[in-house]
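Notes for the one structure printed next.
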């Protein structure tokens, strides 16, 4: 298998989409050759990873579509990774989104892959890190990672992108200031999509005010109005992404910070990999029967004797 | 110091609030005696930990106030832990909330403590686990943990409570279905607070519909209308909490699942404690200068040689 994955690297570097699809499957499922495939990548940190997140219904996939059309005209090669949260709750919407993107499936400059999010969120981050590194082995200009904003996952994944775009829709209204402080903190660029709807101006103003209040050394977070269905604001968004990435590239620390976070996630997964959730559960079920059960003594003992 | 913390256990079991405050300070700051203090607790899993979360402005502290008045009339002893997210963004609101609760500060049946959330979120969970175990050494009937819903933290903390109440306000409107899937998944009870406001009925109906769609083996998540400022709905909420906790207690697995999660958090912190973020950062800063930098080889090497 080692020879196979070596061959795979050459094909990846040549931009062979079939090889890339095969490589992702190997990494996703940790098939034979998984380790050596990753260990022999060049970490191509010059290719920016752009995260696009936001609640279901914010039109993220339409935005991605519009950005793809824009970048294709500029002769860019783009990879899109769409991360499906495992919640069955969002399944319908995502399926629709995927179908809308199907027009690109045969385009030689666009690679699209949906990633299922099996297992824990912590494991998901590590897996996305592996897959984005793999994708950057191929000659792309941009890697887009689209996630649905459902609680924890988008915060984790945004922490791994060079630039995070948060898409919102007018219905958010006044509430935006209070409700989504978590999402606010990860946004490098805000998009008010479906900006032709009533209340778009209110959301736009609120986000601008918020961006102003929270402006740091890097200045205010841009807020951009788009109507992705007719390409309104897409050029401005593409420029904002390019500007943000270029500014990040000029700050060497930023790249190291991001890599430190990625490495931290990989280490955490490595450190926890020999901890069996089932074994922990079974030993706990037995231990709590005893009158002198103490969680901290149990944990200490488990680490000393059961791992 | 060992003698000191032994003495502390006796005072804790006698319900001495000064000893409890001292114990929390020891655990919070990992002072001398911290380890033995925790290792000598009886894990009093019979005292339910109730999490109350929701966005800033949802009236969580007013709800807590009203619940405290209700439970005091029932001769309950209650501990309240208020977790302040470190984001300066929410500081003003929380300070106000704390002041509103001050009427209870001298009540012998109510213990209130604010916990600062320094450091990482992962570390926060482990710290809250330790502190709730400590608090349960004292003879309380209920431990309330109030957190502001800002992204990741409330999801983590809710995972550690026996019952999680999510408070929302009418402004959430239609959006609730899409925006907050993350929060939805952690709720055992929904509260529509400020139910006298316009749109309260809309939010209530949406939540009911959502609860109905997502009903599992345990039935539908209750949705309760409250006006905490005049105690409307508080008895119903208190009863819903009692009912939920009693039902949980009847399912032995639930308790083991919760303890498994707590233990997992403690193990994760233990496993990561000798990983220096600074060292990782510095070694990465050097490594990425090299042409053949590979994140996975770096991680492997770091774990083998630098830890």
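Please compute, for peptide A:264-275, the average count of beta-carbon atoms on other protein chains lying within 10 Å of each residue's beta-carbon.
Numbers: counts 8, 1, 7, 9, 5, 1, 4, 10, 5, 0, 1, 5.
Going residue by residue through A:264-275 and averaging, the value is 5.
The rotation axis taking chain A to chain B passes closest to this chain A residue's Cβ, listed with the gap in Å: A:271, 2.
Counting from the shortest, the label point at residue A:36, 7 Å from Cα toward Cβ, is 5.5 nm from the same position in each remaining copy. Highest mean first, the peptides B:268-277, A:199-208 sorted by other C-beta atoms within 10 Å per residue fall in the order A:199-208, B:268-277. Here the calculated FRET efficiency for residue A:105 and residue B:73, from their Cβ-Cβ distance with R0 = 51 Å, stands at 0.20, rounded to the nearest 0.05.
Label-to-label distance, residue A:31 versus residue B:14, with points set 7 angstrom from Cα along the beta-carbon direction: 6.8 nm.
By its C-alpha gyration tensor, with a ≥ b ≥ c as the square roots of the eigenvalues, how is the range A:1-40 shaped: rounded for a/c under 1.5, else prolate for a/b larger than b/c, else oblate? Don't skip to the answer; put the middle values down first.
Numbers: a/c = 1.97, a/b = 1.27, b/c = 1.56.
Judged from the Cα gyration tensor, the range A:1-40 comes out oblate (a/c at least 1.5, b/c at or above a/b).
A point 7 Å from Cα along Cα→Cβ stands in for residue A:216, and the other copies hold the same point at 3.6 nm, listed in rising order.
Peptide B:249-261: average number of partner chain Cβ atoms within 10 Å per residue?
Details: counts 0, 0, 0, 3, 2, 0, 3, 9, 3, 1, 9, 8, 3.
The mean count of partner-chain Cβ atoms within 10 Å per residue comes to 3.
Using a/c under 1.5 as the rounded threshold, could you call the range A:250-307 rounded, prolate or oblate? The axes a ≥ b ≥ c are square roots of the C-alpha gyration tensor eigenvalues, and prolate needs a/b larger than b/c, oblate otherwise. Spell out each step's value before the answer.
On the way: a/c = 4.55, a/b = 3.28, b/c = 1.39.
Prolate, since a/c reaches 1.5 and a/b exceeds b/c.
Shielding value for A:187-195 is 0, the average number of Cβ atoms from other chains within 10 Å of each residue's Cβ.
Taking the label point 7 Å along Cα→Cβ, residue B:292 and its counterparts in the other copies are spaced 5.6 nm apart, in ascending order.
Laboratory data are not the source of any read-out in this text; all were calculated from the coordinates shown. Owing to the predicted nature of the structure, the values given are computational and were not obtained by experimental measurement. For neighbour counting, all protein chains shown are included, and Cβ atoms are generated from backbone atoms with ideal geometry for every residue, glycine included.
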